[in-house]
Amino acid sequence: MSDNRHAPIQSGGVVTFLDVLGWKGIYDRKQDAISSLTSLVDGIRLQAERQRGRVVGDVSIKSISDTIVLFTPCDKSEINTAIEIHGLLCQWAIPESIAAEIPVRGAIAYGEYETKDNIFVGKAVDEAASWHEQSDWIGVHLTPSAQFSFVPDTQSNLWKEFSPPNKSRLNWAPYCVNWTASWRNRQEEIERIKEKFRRLGPIVPEISGKFVHTLKFIEATNP
């Protein structure tokens, strides 16, 4: 009789890739980088627990070096809710990552995937991985597969249609996670963000664009 305990999990659902900008060489400027990243992952797990029960499948979170991957299996009737859950997790994670000086960028996809331990493959995996690597900012947006499947709540402030800066110069405006939605004193928060950017220096040309693009997104979310 075959033992399926260690068989790959085949599913369809929502996949999010997040990675830390500037991880290469981070040991030169930040002594507690591993601790900070571990705390961020643990925080995302705690936030995911608070979303438990909204869809049949639970959010699973995997971390490999500076990359965090979120998986939520769902059927077609649950796509909106599953994407919404990933949006909420990213809405929490982005400002937390900036505060911890390990800012993240990412992308949310929908489709087939297969996982086993820390190994994962599939269309949604490939799409999320490709799009998050193209991003040139601090932020998270939907990929085409998620964008074409998603109808947001018109009363929600979780999403902002925006053209995320990317290395391919593609001009399109998917739904992006509005991680500034809870801000009360926007100018104070913006100054705090700029101070964090200064601490992430030296701000050489290859990373300055990411900061500028992030600030442009913050401008666009101004109510």
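A few notes on this one:
- Identity of the residue in region 181-198, touching a residue at least 60 places away in the same chain (Cβ under 8 Å) and open to solvent by less than 40 Å² (accessible area, probe 1.4 Å), that ends up farthest from Leu215 (Cα to Cα): Ala181
- Conditions (1) at pLDDT below 95; (2) among the charged types (D, E, K, R); (3) under 20 Å from Phe17 (Cα atoms); (4) open to solvent by 40 Å² or more (accessible area, probe 1.4 Å): number failed by Asp136: (4)
- Selection from region 89-120 of residues that are open to solvent by 20 Å² or more (accessible area, probe 1.4 Å) and part of a helix (DSSP H, G or I): Gln91, Trp92, Pro95, Glu96, Ala99
- Options Ser77, Ser65; residue that is hydroxyl-bearing (Ser, Thr, Tyr), open to solvent by 40 Å² or more (accessible area, probe 1.4 Å) and farther than 23 Å from Ile119 by Cβ: Ser77
- Selected residue (only one of Ala109, Ala99, Ala129, Ala93 is touching a Gly at 6+ places or on another chain (Cβ under 8 Å) and in contact (Cβ under 8 Å) with a residue 40 or more places away in the chain): Ala93
- Going through (1) at pLDDT 90 or above; (2) open to solvent by less than 90 Å² (accessible area, probe 1.4 Å) one by one, Lys216 falls short only on (2).
- Close pairs from region 37-61: first more than 18 Å from Leu18 (Cβ to Cβ) and open to solvent by less than 80 Å² (accessible area, probe 1.4 Å), partner part of a loop (DSSP other than H, G, I, E, B) and of a type outside the set (D, E, K, R), Cβ under 6 Å, at least 6 apart: Val55/Cys74; Gly57/Cys74
- Residue count for region 12-28, restricted to those that are open to solvent by 80 Å² or more (accessible area, probe 1.4 Å) and either touching a helix residue (DSSP H, G or I) at 6+ places or on another chain (Cβ under 9 Å) or under 24 Å from Tyr113 (Cα atoms) (or both): 1
- Residues being touching a strand residue (DSSP E or B) at 6+ places or on another chain (Cβ under 6 Å) and either small (Gly, Ala, Ser) or at pLDDT 95 or above (or both) - total across region 94-104: 2
- Here His86 meets the list (1) surrounded by fewer than 24 Cβ atoms within 10 Å (Cβ to Cβ); (2) at pLDDT 95 or above almost entirely, failing just condition (1).
- Within region 24-56, the set of residues being modelled with pLDDT under 75 and out of contact with any strand residue (DSSP E or B) (no Cβ under 9 Å at 6 or more places or on another chain) comprises Lys24, Gly25, Tyr27, Asp28, Arg29.
The values are calculated or read from the model by the stated rules, or taken from the named source; none is laboratory data. All figures in this text were calculated on a predicted structure; none of them were measured in a lab. Because the Cβ atoms are built from the backbone with ideal geometry, glycine has one as well, and the counts that use them run over all protein chains shown. All accessible areas refer to the heavy atoms of the entire protein, side chains included, with ligands and DNA or RNA removed. Shrake-Rupley method; radii C 1.70, N 1.55, O 1.52, S 1.80 Å.
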